[in-house]
Amino acid sequence: MPQTNEYTIDIPNGRVCSWYVTAQTASSKTVELYTPSNRLVFKTMVNSTKLDNFGIGSFPTSEGGVYKVKFPNCKDVQHNQTLITNHKLDTVCATHVFGGEDSGDQDFQDVFLTLTIYLKKG
C-alpha cells in the first residue's frame, strides 16, 4: 500500500459528525479536516506520551461531498471504516479510524483520529 498522509471521505449534506484525536508521541501532531470547498472544519494539534492530550468536537455538515482529512506532519496514515446499520439494513452511522506514523517503527499509533458520521442528530 502506498504511503499517504491525506484521505478523502464522502460526507452527505445534513449529517452530524463527531471527532476525537489523541497522540502517543512527544512531538506535536496536527490533524485537519476540510470541506469540499476547501474550508477548514477543524484543526487540532496534540502531543502526549500518555494519551492525556486530545482534541474533541462535533459539527453539522453544511455541504455534501468529498471532505479531506490531512495529517501534515505524519509520514504515513492507515485508515479503516465500520458501518452501523438498523434492522432494515440502512446505514445509521459510519466511523472512520485513522492511525498515523511519524517515523520508522510502523506502529501507526503516533496520532489517532476517530471521525463518526451520523445519519441524524437525536
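The values are calculated or read from the model by the stated rules, or taken from the named source; none is laboratory data. Worth saying up front: this structure is predicted, and the values here are computed from it rather than measured. Ideal geometry is used to build each Cβ from the backbone, glycine not excepted, and the neighbour counts take in all protein chains shown.
A few points about this structure:
- Entirely in region 7-122, the strands (runs of 3 or more DSSP E) that have 3 or more residues that are among the β-branched types (Val, Ile, Thr): 16-23, 25-34, 40-48, 76-85, 91-101, 111-118
Quick grid of which residues meet (1) of a type in the set (A, V, I, L, M, F, W, C); (2) at pLDDT below 95:
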{"position": "THR30", "(1), (2)": "no, yes"}
{"position": "VAL46", "(1), (2)": "yes, yes"}
{"position": "LYS70", "(1), (2)": "no, no"}
{"position": "ASP90", "(1), (2)": "no, yes"}
{"position": "VAL111", "(1), (2)": "yes, yes"}
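- So LYS50, is it under 20 Å from ASP10 (Cα atoms), loosely packed, with under 13 Cβ neighbours inside 10 Å and modelled with pLDDT under 90: no
- Residue count, region 30-65 (criterion: farther than 14 Å from GLN109 by Cα, β-branched (Val, Ile, Thr) and touching a residue at least 24 places away in the same chain (Cβ under 8 Å)): 4
- For beta carbons closer than 6 Å, sequence separation of 6+ or different chains, a first residue in region 92-113 that is without any contact (Cβ under 8 Å) to a residue 60 or more places away in the chain and under 15 Å from LEU33 (Cβ atoms) and a second that is of a type in the set (Ser, Thr, Tyr) and surrounded by fewer than 21 Cβ atoms within 10 Å (Cβ to Cβ), the qualifying pairs are THR95/THR82; THR95/THR116; VAL97/THR114.
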